[in-house]
Amino acid sequence: MRARDIPNLISIARILLVAPVVWALLEGYYTWAVLLFAVAGISDAVDGFLAKHYGWQSRLGGVLDPLADKLLLIATFLSLAWLGMISWWLVVLIVCRDVIVIGGGVLYNWLIAPFHAEPSWSSKVSTTLQIVLGVAALFHLGLVPLPVVWFDWLEWAVATAVILSGLGYVYEWSRRAVQHGQS
């Protein structure tokens, strides 16, 4: 193992944390779920810092890091919806957006040109709002009850960001496909 592999190993560890987070949620160990989610969040920051600061970025890391993030968020949201903390329609919206974005990237890569994942500003906002909603729901269950109205507002904020982010990706990669076809 080389030092430059550390960010990828951290991403793999984050993927492995998904099952314990879900287990803790579904078994009612909410404080553990909060702690495990926090460890996953901190590990995301650490692997990103190491990769950027030391130039340890890799194509594998470019796949593992967002994959770990998506798996954690979607699994957590599915669990929270199962527990009645967030709405199922929001989980379906998030999953549909991710399928469209990932499917579009795969098609672009297969039919047009190599695809390089480039998170957009709107995607970062969407992910941040999803994390805020997830953390708020985890805190509500495990540590501090929060006003229910916060969840309504956060759900609509997440839904808006998810839709805008998805439309932004569809527009940008469609534009690039047309532009590539004209060259």
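General remarks:
- From the alpha carbon centroid of segment 1-56 to that of segment 74-103 is 20 Å.
- Between the residues V149, A33, G103, the greatest Cα displacement towards the positive end of the dipole of segment 3-182, with unit charges on the Cβ of Lys, Arg, Asp and Glu, is found for G103.
- Unit charges on C-beta of K, R, D, E only; dipole of the chain, Debye: 460 debye
- Angle between the chain longest axis and helix 121-142 axis [Cα atoms, degrees, rounded to 10]: 20 degrees
- Between 0 and 90 degrees, the angle of helix 88-111 with respect to the longest Cα principal axis of the chain falls at about 20 degrees.
- For segment 1-94, trypsin sites (Lys or Arg not before Pro) are listed when DSSP marks them as loop and at most 12 other Cβ atoms sit within 10 Å of their Cβ; the list is R2.
- Only DSSP H runs of four or more residues enter the estimate; each adds -39500 (n - 2.57), and after division by the residues of the chain the mean residue ellipticity at 222 nm equals -29000 deg cm²/dmol.
- Entry note: segment 91-142 has Rg to Rh equal to 1.14, where both radii use alpha-carbon atoms and Rh is the Kirkwood radius.
- Cα gyration tensor category, rounded, prolate or oblate, for segment 3-182 with a/c compared to 1.5: oblate
- Helix 30-53 and the longest principal axis of the C-alpha atoms of the chain enclose an angle of approximately 30°.
- Considering only L9, A159, V125, and ranking their Cα positions along the charge dipole of the chain that arises from unit charges at the beta-carbon of Lys, Arg, Asp and Glu, the one farthest toward the positive end is L9.
- Across segment 5-18, rounded Karplus estimates of 3J(HN,Hα) from the backbone phi angles (6.51 cos²θ - 1.76 cosθ + 1.60, θ = phi - 60°) give 7, 4, x, 5, 5, 5, 4, 5, 4, 5, 4, 5, 6, 4 Hz, Gly and Pro being marked x.
- Computed from the Cβ-Cβ distance with R0 of 45 Å, the FRET efficiency linking W23 to A177 stands at 0.60.
Any read-out appearing in this document is the output of simple, stated calculations on the displayed coordinates, not a laboratory observation. Every value quoted in this text rests on a predicted model; they were computed, and no experiment measured them. Quick reminder, even Gly has a Cβ in these numbers, built from the backbone with ideal geometry, and neighbours come from all protein chains shown.
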